[in-house]
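These notes concern the structure reproduced below.
The values are calculated or read from the model by the stated rules, or taken from the named source; none is laboratory data. In this text, all values refer to a predicted model and were calculated from it rather than measured experimentally. Neighbour counts run over all protein chains shown; Cβ positions are idealised from the backbone, glycine included.
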Amino acid sequence: MTDIINVDYRETIPNNVGLSEDRRVLKALEGWHPGYLNWWKDMGPDGFQEAMVYLRTAVSVDPKGWAKFDYVRMPEYRWGILLAPPEPNRKIPFGKHFGEPAWQDVPGEYRAMLRRLVVIQGDTEPASVEQQRHLGKTAPSLYDMRNLFQVNVEEGRHLWAMVYILHKYFGRDGREEAEELLRRRSGSEDAPRMLGAFNEKTPDWLSFFMFTFFTDRDGKMQLESLAQSGFDPLSRTCRFMLTEEAHHMFVGETGIGRTVQRTCEAMKAAGVEDTDDVAKVRALGVIDLPTIQKKLNLHYSLSLDLFGSEVSTNAANAFNAGLKGRFRETAIEDDHKLENDTYPVLKLVGGKIASVDEPALTALNMRLRDDYTRDCAKGVERFNKIIERTGIGFRLALPHVAFHRQIGEFKDVRATPVGVLMDEATWARNRDRYLPSASDGEFIASLMKPVSEPGKFASWISPPKVGIDNRPGDFEYVKIAA
Ligand code: BYC
């Protein structure tokens, strides 16, 4: 009997989907497994494959107490296939099939569209592990190193989640797509990852925290939309992935918060009031606030691109078909079809930025992006509270959505972080005031000295308020030379 709450760890591939009774899929996944392990060894955390890491592993899909903590070597992590329990009699919650029973199998007419969504989602997961693979070597503490590795193994598990869907529901082309997911590489010339932000570098820990704050939050929004899917297996797998995703955003938010806190405290202690006196602040061994703002500008704008074009027939088709819904679709009070509604979209009209009412169906990417922006803005306010409490006069802010875009309405224009359009020459002269410059990068890199003594932290970041799994401050989260 399949236990849909608890995970069976006696099997080679832990799962709550009754894999042992599904010989065809089990065999396909067992065939994929060695390639996955090779990928992990080649592209997973560089230099720490033998270290013992204090990791959580999912043992159940019950939101209360699903994780067990223990020391694990990462290649021995029990990546599993975990779906949230089925909702009895679940109905398709939006689109033209609204109210029909949710699909337990792939609806034939939407096969290609569904496969594309699953493949794009799957492609981002290993990409982020590749982007972050070198960061273990400069971790500011064992606590942070452990969090990085936790994020990495869970992104690996999210890849498994999508590969399971491909193998189980898409037959031969699903198997081929699953192979391709192991073949593409972040930043590669010949076989890059599918979405822009996943081919960028994550050069240092501040970028890692920005990535987990901004890009993982895109992950949250996209997973929330896919969790609404009328294709029930996708909905269930995304619902469980969201449970894990919360920790990734926690890592980002607390990471940025601790960096900001340390900078402000160091400035106060040294009597430095002027936040623009970058040289004086940097001499304290901390990252100046204007540079943190530039990193924020970069990662927010890269993450906005992940929502696709503001006006998109792909998005309309996926919604109509019942495959990808809105953020918290079931909590929205309307007809869930959007056939006659409009939604305001920021566009370039006659060389100016203006709000234009577009059909709500084609504006779904914009709507999700707006939900995302609101979520990001709340986090930025929490950073501002930290700054305020230390008495330093500075505020962080999200840049305008027209700033530094490569996808959508504003990809062909240049704008300041507050949304004033400018020509190419003015942009070129000012670029380094808005985005991290080469010398900002060099300065941050100079601070990235590894700290591996339990309970100690690099100069540029404050310790966390509490430990993982309530462990004490000097807990040895990673036994490096195990
Ligand atoms: N880069 O109608 P359009 C996560 C392509 S993150 C490159 O504008 P659509 C995670 C698009 O593919 C969440 N290409 O957009 C986070 C299309 O190409 P084709 C990942 C792009 O389709 C951290 C063309 O432009 N999940 O989980 O409505 C760590 C026109 O497309 C980009 C998902 O994204 C881009 N940025 O929306 C680990 C969910 N944007 O088909 C993990 C699944 C667009 O004409 N994906 N294009 O050749 C989707 O829902 C949608 O495909 C997108 C794009 C939101 C990505």
Would you check if Asp440 is under 15 Å from Leu296 (Cβ atoms) and assigned to a helix (DSSP H, G or I)? yes
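Within the group Ile92, Ile165, which residue is over 25 Å from the mean Cα position of the chain (by Cα) and at pLDDT 95 or above?
On the way: Ile165 fails: over 25 Å from the mean Cα position of the chain (by Cα).
Residue meeting the stated conditions: Ile92.
Condition check ((1) closer than 23 Å to Asn15 by Cα; (2) buried (at least 21 other Cβ atoms within 10 Å of the Cβ); (3) away from the ligand (no atom under 15 Å from the Cβ)) across all residues:
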| residue | (1), (2), (3) |
| --- | --- |
| Thr237 | yes, yes, no |
| Met249 | no, no, no |
| Ile256 | no, yes, yes |
| Gln261 | no, no, yes |
| Glu273 | no, no, yes |
| Ala279 | no, no, yes |
| Arg282 | no, no, yes |
| Val286 | no, yes, yes |
| Leu306 | no, yes, no |
Out of the residues in segment 62-114 that are small (Gly, Ala, Ser) and surrounded by 14 or more Cβ atoms within 10 Å (Cβ to Cβ), state the one that is farthest from Gly136 (Cα to Cα). Gly95
All conditions in (1) in contact with a strand residue (DSSP E or B) (Cβ under 9 Å, 6 or more places away or on another chain); (2) at negative phi; (3) free of Cβ contacts under 8 Å to residues at least 40 places away in the same chain are true of Tyr71 except (3)
Flagged pairs (Cβ under 6 angstrom, 6 or more apart or on separate chains; first in segment 208-220, more than 16 Å from His134 (Cα to Cα) and in a helix (DSSP H, G or I); second of a type outside the set (Phe, Trp, Tyr) and within 6 Å of the ligand (Cβ to nearest atom)) are Asp218/Leu306
Pick from segment 180-206 the residues that are within 13 Å of the ligand (Cβ to nearest atom) and either β-branched (Val, Ile, Thr) or assigned to a helix (DSSP H, G or I) (or both): which of them is surrounded by the fewest Cβ atoms within 10 Å (Cβ to Cβ)? Gly196
What pairs can you find where one residue is in segment 173-187 and in contact (Cβ under 8 Å) with a residue 60 or more places away in the chain, the other is basic (Lys, Arg) and assigned to a helix (DSSP H, G or I), and their Cβ atoms are less than 9 Å apart, with a gap of 6+ or different chains? Glu177/Arg115
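Does segment 19-32 contain at least one residue that is more than 19 Å from Gly174 (Cβ to Cβ) and among the aromatic types (Phe, Trp, Tyr)?
Here is the first cut: in segment 19-32, the ones more than 19 Å from Gly174 (Cβ to Cβ) are 20-21.
Then drop every residue that is not among the aromatic types (Phe, Trp, Tyr), which leaves none.
No, the conditions are met nowhere in segment 19-32.
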When you scan segment 18-25, do you find a residue that is under 19 Å from Gln150 (Cβ atoms) and surrounded by 12 or more Cβ atoms within 10 Å (Cβ to Cβ), even just one? no
